[in-house]
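Peer 1: One structure, pasted below without further comment.
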Amino acid sequence: MALTHSIDITGIKTISGNGFVYAFGEETITTEPLYIKVVGVSGNKLNLTATVTFTSQVTGTVITTKSYQFPLDLNGANPIKQTYEYLKTLPEFANATDC
């Protein structure tokens with residue numbers, strides 16, 4: 001189980017060399033579709049903390065890793081499935097697809 005989705009990354013675009021750094025200003029880029037996978041879940045009877053990797057589908061390189069915390073449903077699906085269900089409720093994963 002995993003998700004596929006592009007993400008927006010905002011930061012300062014810079015170039016550097018020979019001891020100087022030139023900033024072009026803030027820029028937002030949209031990534032290619034990334035493979036989003038839950039790689040770890042821990043918690044207690046109240047909350048889960050899930051570690052999620054964002055990997056390039058083209059190169060297989062991990063772009064970033066993030067953690068998410070949310071309430072555990074003791075009567076719900078297994079914790080990994082609950083994590084994917086939770087992620088799909090977040091605005092940053094709007095239109096993410098199962099893969």
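Peer 1: Looking only at segment 13-39, which residues are part of a loop (DSSP other than H, G, I, E, B) and surrounded by 10 or more Cβ atoms within 10 Å (Cβ to Cβ)?
Peer 2: Thr31, Glu32, Pro33
Peer 1: Quick test of your reading of the structure: Thr30 fulfils all but one of (1) in contact (Cβ under 8 Å) with a residue 24 or more places away in the chain; (2) closer than 20 Å to Leu72 by Cβ; (3) not aliphatic (A, V, I, L, M). Name the failing condition by number.
Peer 2: Only one criterion in (1) in contact (Cβ under 8 Å) with a residue 24 or more places away in the chain; (2) closer than 20 Å to Leu72 by Cβ; (3) not aliphatic (A, V, I, L, M) is unmet by Thr30, namely (2).
Peer 1: Is there any pair linking a residue in segment 1-12 that is without any contact (Cβ under 8 Å) to a residue 60 or more places away in the chain and part of a loop (DSSP other than H, G, I, E, B) to one that is loosely packed, with under 13 Cβ neighbours inside 10 Å and among the β-branched types (Val, Ile, Thr), with Cβ under 8 Å and at least six apart or on different chains, and which?
Peer 2: Pairs found: Ser6/Thr30.
Peer 1: Separate question: Let me spell it out: the conditions are (1) polar (S, T, N, Q); (2) modelled with pLDDT under 90; (3) surrounded by 14 or more Cβ atoms within 10 Å (Cβ to Cβ), and Thr64 meets all of them except one. Which number is the exception?
Peer 2: (3)
Peer 1: Then there is this: Please state which one of Pro71, Pro91 is surrounded by 11 or more Cβ atoms within 10 Å (Cβ to Cβ) and not basic (Lys, Arg).
Peer 2: Result: Pro71 is the single residue among Pro71, Pro91 that is surrounded by 11 or more Cβ atoms within 10 Å (Cβ to Cβ) and not basic (Lys, Arg).
Peer 1: Now for a different question. Which ones in segment 58-73 are farther than 16 Å from Asn44 by Cβ and part of a loop (DSSP other than H, G, I, E, B)?
Peer 2: Val58, Thr59, Gly60, Thr61
Peer 1: Could I ask something else about it? If you go through segment 73-92, how many residues are more than 14 Å from Leu48 (Cα to Cα) and either among the acidic types (Asp, Glu) or in contact with a helix residue (DSSP H, G or I) (Cβ under 6 Å, 6 or more places away or on another chain) (or both)?
Peer 2: 1
The values are calculated or read from the model by the stated rules, or taken from the named source; none is laboratory data. The shown structure was predicted, so the numbers you read here are calculated from the model rather than taken from an experiment. Neighbour counts are summed over all protein chains in view; Cβ atoms, including those assigned to glycine, are modelled from backbone coordinates with ideal geometry.
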